[in-house]
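> Here it is: the structure, laid out below.
Since every read-out is calculated from the coordinates, none of them should be taken as a lab result. Small disclaimer: the values here were computed from a predicted structure and weren't measured. Reconstructed Cβ throughout: ideal geometry from the backbone, glycine too, with neighbour counts over all protein chains shown.
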Amino acid sequence: MKRKSKVKTIQLLSLAFILIMTYGIYMHELVHHEIFRYYGCDSTITITPMGGLTTPDDSDPNCVYNENMIRLHAMNEIVTYNLEIIFFMLFVIAITIVVTASETTNEPNKTKSAQRNPNSHF
Ligand SMILES: [Zn+2]
């Protein structure tokens, strides 16, 4: 693989990574939103460049904060952070495979030339 095409592949993988991470953040915030809604709270999802935020509407009189609601939010954090780490590791493995594959295809085949007998005529 040529250097230009290797850079382009890494750029495309990085763009895909950012898009998938943003989608993952949105899905995470959507779970927070659903937990708030389950307990009668209205909330607003905000996606920022490096993350997201779900803000409950504190003026909502139907909103009930209790221990179970807080546990559900904590479980959402635990599940998401563990899954995101797995996804990040898969991305690192994909980049490593692309870079390694491009380096091995650019190398001349040393084993064949080293084994070749210069006196042989075939
Ligand atoms: Zn969260």
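> Within segment 46-97, work out how many residues are within 11 Å of the ligand (Cβ to nearest atom) and part of a strand (DSSP E or B).
Within segment 46-97, residues that are within 11 Å of the ligand (Cβ to nearest atom) and part of a strand (DSSP E or B) number 4.
> Can I ask one more? Confirm whether I25 is more than 18 Å from I78 (Cα to Cα) and within 15 Å of the ligand (Cβ to nearest atom).
no
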